[in-house]
Amino acid sequence: MGVPVVEAVGVTKRFGATVALREAGITVEAGESHALVGRNGAGKSTLVSLLTGLQQPDAGSIRFAGEPAPAVGDTAAWRGKVACVYQRSTVVPDLTVAENLFLNRQSVNRQSSNRQGGSALRPIRWRALRARAAELLAEYGVDVDPGARIARLTVEQRQFVEIARALSFGARFIVLDEPTAKLDARGIERLFAKLRELQAQGVAFLFISHHLQEVYDLCTRVTVFRDARHILTAPVAELGHDALVEAMTGESGAPAPAGTVGMVRAGRSDAGRGAALLEVDGLTLPGSFADVSLTVCAGEVVGLAGATASGCVQLGETVAGLHRPRGGRIAVGGRGLRPGDIPAALSAGVGFVPEDRHLQGLVANRSVAENATLTVTDQLGPYGTVLPARTRAFARRMIDDLDIRTPDAVTPVAALSGGNQQKVVVARALATEPRVLVAIRPTNGVDVKSKEFLLGRFRRHADEGHAALIVSDELDDLRGCDRVVAMFHGRVAAEFPAGWSDDQVVAAMEGLTTSEQHETKERSAHGGHD
Amino acid sequence: NRGSSTGSSSAAAGKPAIGIDLPRADSDFWNSYAQYLRGDISSQALNTLPISSSQNDITKLVANVQVFENTGAKAIVMAPQDTGAIASTLDQLAAKNIPVVSVDTRPDKGKVYMVVRADNRAYGTKACQFLGQQLHGKGKVAEFEGDLTSVNGRDRSEAFASCMKQNFPGIQVFPLTTNWDGSVASSKLQTTLAQNPDLNGIYMQAGGVFLQPTLALLQQKGLLKPAGTPGHITIISNDGIPQEFDAIRKGQIDATISQPADLYAKYALFYAEAAAAGKTFQPGPTDHGSTIIQLPNGLEDQLPAPLVTKANVDDKSLWGNSVTG
Amino acid sequence: MAATTDAGSTASGAAAPSAATATAAAPTGRRIDLARYRDLSLVPVLLVLGVIGFIVSPAFLTSANLLGVAQQSTELSLLVLGEALILITGKMDLSLESTIGVGPVVAMWLVLPSHGGRFQGLGLLPTWTAIPLCLLTGALIGAVNGFLILKLRLNGFIVTLGGLTMLRGLQVALSQGQSIVEVPNSFLYLGETSWLGAPAAVWICLVLFAVGGAALAWLRHGRALYAIGGNAEAARTAGIRVDRITWSVLVVGSVLAAFAGVLYTGHYGSISADQGSGWIFQVFAATVIGGVSLNGGKGTLFGALTGVLTLQLVVNVMTLAGVPPLWNQFLNGAIIIVALVISRYASGEKQE
Amino acid sequence: MAATTDAGSTASGAAAPSAATATAAAPTGRRIDLARYRDLSLVPVLLVLGVIGFIVSPAFLTSANLLGVAQQSTELSLLVLGEALILITGKMDLSLESTIGVGPVVAMWLVLPSHGGRFQGLGLLPTWTAIPLCLLTGALIGAVNGFLILKLRLNGFIVTLGGLTMLRGLQVALSQGQSIVEVPNSFLYLGETSWLGAPAAVWICLVLFAVGGAALAWLRHGRALYAIGGNAEAARTAGIRVDRITWSVLVVGSVLAAFAGVLYTGHYGSISADQGSGWIFQVFAATVIGGVSLNGGKGTLFGALTGVLTLQLVVNVMTLAGVPPLWNQFLNGAIIIVALVISRYASGEKQE
Ligand SMILES: Nc1ncnc2c1ncn2[C@@H]1O[C@H](COP(=O)(O)OP(=O)(O)OP(=O)(O)O)[C@@H](O)[C@H]1O
Ligand SMILES: Nc1ncnc2c1ncn2[C@@H]1O[C@H](COP(=O)(O)OP(=O)(O)OP(=O)(O)O)[C@@H](O)[C@H]1O
Ligand SMILES: [Mg+2]
Ligand SMILES: [Mg+2]
């Protein structure tokens, strides 16, 4: 195979007391597409920051094509060797799409468009830049005005801008850290098509994802990290799903893989349903959804499926009081909710897991305990006081309950890995013991085991006589639901009782109400392998 | 610069300690005052505590005074630029029998042993009279006021305004507030000149701040004609710093009122010594050509503030002609 | 921003927690997390200043001197208290520096008789209402600031900068630029009296700081300030009434500033027309070197208080040391920078 | 700060394109992105002021008056130019207000003879080096600020606040608190001369703003400022040398301030000891009402320039209108707030 494009040997990285990587290593051969998997906090993103020159390893060495890596800080040299789609957003929100795509190489002309920089004095030709940006975006089927500010784009469009930018450097080695987490099915399809095209040209990838199916679809070899260590590297074909999960978790006889999460719901039937806890009646939010009605009963977990533009996220947010609807009614336990009033929704018993944990879910510099108890500060002491002892006790309970991996309850939540941060947001929502839990993409960025765990937790919450509404476009999230309501373009398109097939739901989400569609194969494969 | 605090030589050891606070370090006038103080302290071998500066901030002044109190001052010389907010401090010092000499400003309330100052109202009136006579009672005059919250500025403005109204109703006055800032004065004068190209006179309440910016502006506008030539703008300034005298000699400005920095320093120390020694004074004329008047809260020695024109600008007795450095 | 702490990490490395095993997390608890003590980072600075003061002059460690420093700190510290609350909530209010002056002036204007004294008021209300009126003026100013910032969504920094100029102008206009000396005794009392051998103002400040600190630490609405300052949107989705609380904080800050005006008036015996002028820089300096972040969500009142004391002690020690007036300001600035450096290394944390 | 969603913004959110449905993307293109025009938001304010000025006095629209306003704006506008660059990069520098004074004083101290004049320099260097020395002093100050902020990771606001005090103190100490009147002619020339009927300083400022604006609009390194201010981490990953560029910007800002000091000296004929004192508020006001964000990454030099002109025109119109001195400051503040409101509604954008 020749020299590997990148080789990290014995790298160690510490953050204070936390060892994020301990003598770990990875080797990516030229032209190979290599998967890196591991549970939340296993050290994947840390490895990425070392491989792309953002941080310096405490020990160990990194070589590109046999040569030592450039000095940290010489970013230009790094960009020539490796491009990266980072897990956290690296766009500048107030600049245009075109400029973000060609940041720091705006004035380079087409012939040498791969390189960094260019003459510092060559003026930028904006029209040409926009044209090039439009071309580049067209390759990914993303239709946005290159002159629009990034801040006005959807999360998914932003992600495509990041992907397009990384891939356009022309590097021979590209790192993608959970690139699919923010994409919907079609987006993933387009991304994979593009990646395969580049792969055919001999570009090597390091691909990180918590969707193991994607690993099987795209990659040839896989490396597993666990507890900051390298566990194994093997050809994908030789490693079955169970073996892979076992390597990640370190638990043999790994139970329920992703596809069988639904098993948790063993033996439920309509007979178990109680009174209607959440009633949505003719709800309308202009521009998002119109005349939506929906009921969730006690003991029930209902899935709300829909693509980005379906309005299902806004529906969930409206129930939680984030938006004031134009018409219609929301009732919890029979009592009408004051529209657009979050505290009212909260006190009526609505718990809410917001879509974007960084933006809406977490106060990054405050402790895990404080974040987890943010919604229940009225229960932590008499007369409006918040007693530290009770806060800590409460937080410890949530930490145990949700299996949050954190050094301790007073650690700032920013120091947790992405998946564990997500669990803190879930903890915050469950803390109020809500009668109705509204969770938007609750397993965003969470590893397989934790995903299973969280979904099981929602089920348990319902079993305790509450109701849960899970808004998601990931079939894995919906598999455990008693019912799935699919939305398309702001309307309820269909409703499926338990036992639905992937094809049906995907078709409904894409606005195809007939179920004989074949083109949806890809999506269903993505969701429900095994 | 050092050495301000080293007046306490062996000769000074037995003398009562005097605490001195300077109101600010960034103005020409007060720096001259500080220089005279230092000169007098060393020539008379006085015992002074380290000299402090309150940077035009009354709270710093009070803090500094408190330090004087705690380090054994027998008399205090200060120049409170805020004449109201010093009241309770004066009461406090009076309770401890520490006499206070206030330089340049007259505290509104609270006991003072002696106020050493020239009469700021007289400045305004003198300036008004000078301009009125030069302009023969008609024309347009711009007036650079200081900060509206400064007593001295206010006294000058009020006296100037009432004198103008009474004696020279034919003169139109444009009062311009400047916060004692030369660039603000310059820009407002520029605007006033655009509106009234026929401006005849300027009264600036502080030469140290306004002189150079004004001259620079007039120069640029071609309006800096020597006194006596047609189109000359009659200018009277206030302070008596050497630069003003130079300008008078060159005919750029016509007059200034010499605010006697040397006498301020000399008599501030004189009265502080006398106070520490327990002497008392009575209202009435003094031996140095001034008058002591009775105030509700103490005495005030009103030092003479001569009008300086081309005629007497070379008078050696004017402090502006003898300033060192 | 990234809180990298490296001291001792090697030693603890072996026992370091693994992300996958919860029990392994324990060692972190034992290590001293310096970042948590950023509120104490000025304590070494204060100690250094104390030692210098002691060396420089025997008068430094007398109770008269130290109580003097404490009393001189009172008015500034109330502004700092208000500003710290506002900054923690993620806002800014520059107009506090004018509120300290305009509050008392408005009160006097309403209660003092329209003839007789040098200052002519309206004489609308009885004299005893002076303090309530002053506080009310403060509340009104805070409410207007809140309206402009929260309802009209104007930039807080600039709105309150405009407010600063306008209110100072209002004060000059109402008082005609003069100090108001004939202030009713009720208004002077708090600022000039002593309780138990220390100025009443010092006690009052201590109580207010303690109350504020306790509220931030143990009250629901107090804790909400950190959440709002840290991430307002996350606070909102957690059911915190962000706008309402922010508005209250702005009002409280202005009321504190107006109250500082009451103490100031009693302390210095009159209401001067430029009362508080130029203080806002000091307020920010004290608050920020005390560990409160300009970006919101961080800091404590205790830290802010050490900030005030640091600034005041610097002035006190410099006066005692007899620094030549010409070098006074230079040293003052230099010491602030040195204090920053000490506190940065004492807390081990980068300041953002 | 808080991105509160109401019905209106949701509507646009939902109408926003989804990548999945290509056709839905169109609306973004068609809707007018008002935020792009925030730099023009003061233009209506300037027009209103112009009309008022025209009504108030016939002298307003004379070239003498307008050129006067332009000239009075020069020094402030250079500070604003520097501060705008620094703010766009996401930093702050308060010490510019002292640099404008200390730069010239240091230069004079080095070139003026040690005896003869009232001000005693060292006379180390020939007179013609005065301007280069002044600029060099500025560069040095910027470099030190950069060191403290970028290497020691101190908080920029407070470091430069300390720097402001220290440098002002240095100026007072070096100049012994006096104005320096005997300034070499080479140093005065630029500030006092006229080219083509307008003050040279006005031309110089226009050129500098044009050069700066062009660099920000069309040069890679200029665009890097927006990237750094908007998201420093993203800029770093894009290969921009964040620290190096930020440092350069701090140096450029201070050099501009020192150069403003040269113009100031020529304009006002001497170096006064409190040159520039208190200007930093004006600098921030002008920059921010001109549309530059205090949080970095937003704004243009053109906007900042309109900010300066607005502030200066307000003073000009008030002087022409003969506003009573007592109400001057009040009106000034009130007008700033009104201008903010107008520009907020003209740009249609919330100010954060
Ligand atoms: N800057 C940092 N400071 C402190 N701890 C950190 C830092 N960065 C990472 N860590 C810690 O290092 C460990 C590894 O984190 P990393 O982000 O690499 O995990 P990951 O494998 O990418 O997880 P995820 O799947 O959730 O994204 C975690 O325990 C995390 O808390
Ligand atoms: N200020 C910080 N202090 C400690 N650790 C940090 C800090 N900032 C980032 N990290 C670490 O960097 C890693 C990556 O951060 P990031 O926020 O991208 O988490 P993420 O999962 O994994 O985010 P997302 O999946 O939502 O994009 C995390 O493991 C986190 O622990
Ligand atoms: Mg990660
Ligand atoms: Mg993650």
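The values are calculated or read from the model by the stated rules, or taken from the named source; none is laboratory data. Not measured: the values here are computed from a predicted model. Quick reminder, even Gly has a Cβ in these numbers, built from the backbone with ideal geometry, and neighbours come from all protein chains shown. Please note that ligands, DNA and RNA were not included when accessible areas were found on the heavy atoms of the full protein model with its side chains. Shrake-Rupley method; radii C 1.70, N 1.55, O 1.52, S 1.80 Å.
Place the peptides D:257-269, A:469-481 in order of packing, highest mean first, counting for every residue the other Cβ atoms within 10 Å and averaging per peptide.
D:257-269, A:469-481
Averaged across the residues of D:224-232, what count of C-beta atoms belonging to other chains lies within 10 Å of each residue's C-beta?
Per residue, the number of nearby Cβ atoms from other chains is 4 on average.
Mind checking A:305-313 for the average number of partner chain beta-carbons within 10 Å of each residue's beta-carbon?
Averaged over the peptide's residues, the number is 3.
How do A:240-250, A:350-360 rank on mean C-beta neighbours within 10 Å, highest first?
A:350-360, A:240-250
Provide the three semi-axes, in whole Å and in decreasing order, of the ellipsoid equivalent to segment C:63-178 as defined by the square roots of 5 times the Cα gyration tensor eigenvalues.
Its equivalent ellipsoid spans semi-axes of 26, 22, 12 Å.
Enumerate cysteines in the protein assembly as shown without a disulfide-compatible partner, where compatibility requires another Cys Cβ under 4.7 angstrom.
That list is A:84, A:219, A:297, A:312, A:481, C:134, C:205, D:134, D:205.
I need to check one value: relative contact order of segment D:38-346, counting alpha carbon pairs closer than 8 Å and at least 6 residues apart, in percent.
Relative contact order here is 35 percent.
Would you calculate a helix-derived [θ] at 222 nm for chain A, using -39,500 (n - 2.57) for each DSSP H run of n ≥ 4 and dividing by the full residue count, to the nearest 500?
-9000 deg cm²/dmol
Amide H of residue B:225 versus every other amide H placed in the peptide plane: which residues, excluding those fewer than 5 positions away on the same chain, fall under 5 Å?
Amide H neighbours of residue B:225, under 5 Å, 5+ apart: B:233.
Per residue, how much accessible area does chain C have with a 1.4 Å probe, in Å²?
Per-residue value: 34 Å².
Over chain B, what relative contact order in percent results from Cα pairs under 8 Å that are six or more residues apart?
17 percent
Computed on alpha carbon atoms, what radius of gyration and Dmax characterise segment D:171-211, expressed in Å?
Radius of gyration, then largest Cα-Cα span, for segment D:171-211: 14.2, 40 Å.
Scale the Cα Rg of segment B:172-297 by the rule-of-thumb value 2.2 N^0.38 Å and send over the ratio, two decimals.
Computed over Cα atoms of segment B:172-297, the ratio equals 1.39.
Any idea of the total accessible area buried by the D-B contact, 1.4 Å probe, rounded to 100 Å²?
Chains D and B together bury roughly 2700 Å² of accessible area.
If N is the number of residues in segment A:270-525, what value comes out of its Cα radius of gyration divided by 2.2 N^0.38 Å?
Normalised Rg, Cα atoms only: 1.00.
Can you give the direction-averaged projected area of the convex hull of the alpha-carbon atoms in segment A:1-107, in nm²?
8.4 nm²
Taking just the C-alpha trace of segment B:115-222, give me its Rg and Dmax in Å.
Rg, Dmax (Cα atoms, Å): 13.3, 43.
Divide by every residue of chain C the summed helix terms, -39500 (n - 2.57) for each DSSP H run of at least 4, and state the resulting mean residue ellipticity at 222 nm, rounded to the nearest 500 deg cm²/dmol.
Helix-only estimate at 222 nm: -21500 deg cm²/dmol.
Take chain B, connect every pair of alpha-carbon atoms lying under 10 Å apart with a spring to form a Gaussian network, then pick out the residue of B:231, B:19, B:298 with the largest mean-square fluctuation.
Judging by the Gaussian network model, the answer is B:231.
At 0.692 mPa s and 37 °C, plugging the Kirkwood radius over alpha-carbon pairs of segment C:222-352 into Stokes-Einstein gives what diffusion coefficient in µm²/s?
This corresponds to a translational diffusion coefficient of 191 µm²/s.
Averaged across the residues of B:60-69, what count of C-beta atoms belonging to other chains lies within 10 Å of each residue's C-beta?
6
What does the buried accessible surface come to for C and D, summed over both chains, with the probe at 1.4 Å? Round to 100 Å².
4600 Å²
In debye, nearest 20: dipole of segment A:270-525 around its Cα centre with unit charges on the Cβ of K, R (+) and D, E (-)?
Dipole of segment A:270-525, to the nearest 20 debye: 920 debye.
Have a look at B:232, A:15, C:45 and report the one farthest towards the positive end of the charge dipole of the protein assembly as shown, computed about the Cα centre with Cβ charges (Lys/Arg +1, Asp/Glu -1).
B:232
With +1 assigned to the C-beta of every Lys and Arg and -1 to the C-beta of every Asp and Glu, and no other charges, what is the dipole magnitude of the protein assembly as shown about the Cα centre in debye, to the nearest 20?
620 debye
Given only helices, namely DSSP H runs of n ≥ 4 each adding -39500 (n - 2.57), what is the per-residue ellipticity at 222 nm of chain B, to the nearest 500 deg cm²/dmol?
Computed ellipticity for chain B at 222 nm equals -12500 deg cm²/dmol.
Per Stokes-Einstein, at 20 °C and 1.002 mPa s, what whole-number D in µm² s⁻¹ belongs to chain B, with the Kirkwood radius over Cα pairs as the hydrodynamic radius?
Taking Rh from Cα pairs, D becomes 105 µm²/s.
Threshold 50 Å², probe 1.4 Å: give the residues of segment A:8-38, in number order, that are less accessible with all protein chains present than with their chain alone.
Going by heavy-atom accessible area, the residues of segment A:8-38 that drop by at least 50 Å² are A:14, A:16, A:17.
Based on the mean of other Cβ atoms within 10 Å per residue, sort peptides A:199-209, C:226-236, D:295-305, C:111-121 so the most packed one is first.
The most tightly packed comes first, giving C:226-236, D:295-305, A:199-209, C:111-121.
Ignoring any ligand, DNA or RNA, what whole percent of the accessible area of chain A comes from carbon and sulfur when the probe is 1.4 angstrom?
The computed percentage sits at 49.
Which log10 I(q)/I(0) values, to two decimals, does segment D:36-86 give at q = 0.18, 0.30 Å⁻¹ under the Debye formula with one point per Cα?
-0.77, -1.05
Averaged per residue, what accessible area in Å² does chain B show with a 1.4 Å probe, protein chains only?
34 Å²
Just to be sure I follow: if Rg is taken over the C-alpha atoms of chain D and Rh is the Kirkwood radius over the same atoms, what is Rg/Rh?
Reported Rg/Rh, Kirkwood definition of Rh: 1.02.
I'd like the antiparallel share, as a percent to the nearest 5, of DSSP beta bridges with both residues in chain B.
Among the beta bridges of chain B, antiparallel pairing accounts for roughly 25 percent.
Calculate the dipole size of segment C:38-346 relative to its Cα centre from +1 charges on Lys and Arg beta carbons and -1 charges on Asp and Glu beta carbons; express the result in debye to the nearest 20.
780 debye
From the label point of residue C:127, set 7 Å along Cα to the beta carbon, how far off in nm is each other copy's matching point, shortest first?
For residue C:127, the other copies' label points sit at 6.6 nm, shortest first.
Could you work out the relative contact order of chain A, using alpha carbon pairs under 8 angstrom and six or more residues apart, expressed as a whole percent?
Dividing the mean separation by the residue count of chain A yields 15 percent.
Based on a Kirkwood Rh over C-alpha pairs, give the Stokes-Einstein translational diffusion coefficient of the protein assembly as shown at 25 °C and viscosity 0.890 mPa s in µm²/s.
Here the translational diffusion coefficient equals 69 µm²/s.
For segment A:270-525, what is the accessible area per residue in Å² when the probe is 1.4 Å?
So segment A:270-525 comes to 35 Å² accessible per residue, rounded to a whole number.
Would you kindly work out, in nm and rounded to one decimal, the distances from the label point of residue D:327 to those of the same position in each other copy, ordered shortest first, with label points 7 Å along Cα-to-Cβ?
Residue D:327 label point versus its equivalents elsewhere: 5.1 nm.
What ³J(HN,Hα) values, in whole Hz, does the Karplus curve 6.51 cos²θ - 1.76 cosθ + 1.60 give for segment C:135-152 when θ = phi - 60°, with x put for Gly and Pro?
Whole-Hz 3J(HN,Hα) from phi for segment C:135-152: 5, 4, 4, x, 4, 5, 4, x, 5, 5, 4, x, 4, 5, 7, 8, 8, 7.
Which residue, C:85, C:167, C:122, tops the fluctuation ranking in a GNM of chain C built on C-alpha contacts under 10 Å?
Highest fluctuation of the listed residues: C:122.
What three numbers, in Å, describe the spread of the alpha carbons of segment B:211-255 along their principal axes, ordered from the longest?
Over segment B:211-255, Cα extents along the principal axes are 25, 21, 14 Å.
What's the carbon and sulfur percent of segment D:87-146's accessible surface, probe 1.4 angstrom, rounded to a whole number?
For segment D:87-146, the apolar C and S fraction of the accessible surface comes to 74 percent.
Give me the accessible area buried between chains A and D, both sides summed, with a 1.4 Å probe, in Å² rounded to the nearest 100.
3900 Å²
Report the one residue of C:167, C:228, C:296 whose Cα lies farthest in the direction of the positive end of the charge dipole of segment C:38-346 (charges on C-beta: Lys and Arg +1, Asp and Glu -1; origin at the Cα centre).
C:228
What angle, in degrees between 0 and 90 and rounded to the nearest 10, separates the Cα long axis of helix B:261-276 from the longest principal axis of the Cα atoms of chain B?
The two axes meet at around 20 degrees.
Pick out, from A:75, A:123, A:302, the residue whose Cα sits farthest towards the positive end of the charge dipole of the protein assembly as shown, with +1 on the Cβ of Lys and Arg and -1 on the Cβ of Asp and Glu.
Comparing the listed Cα positions along the dipole, A:123 ranks first.
On C-alpha positions alone, give me the angle between the axis of helix B:182-195 and the longest principal axis of chain B, in degrees, nearest 10.
Around 20 degrees separate the two axes.
Relative to 2.2 N^0.38 Å, what does the C-alpha radius of gyration of chain A come to as a ratio? Two decimals please.
0.99
What residue among C:223, C:241, C:153 shows peak mean-square fluctuation when chain C is described by a Gaussian network model with Cα springs under 10 Å?
Maximum among the listed residues: C:153.
Of A:423/A:451; B:266/B:316; B:225/B:250; B:126/B:221, which pairs sit farther than 19 Å apart, going by alpha carbon to alpha carbon?
B:126/B:221
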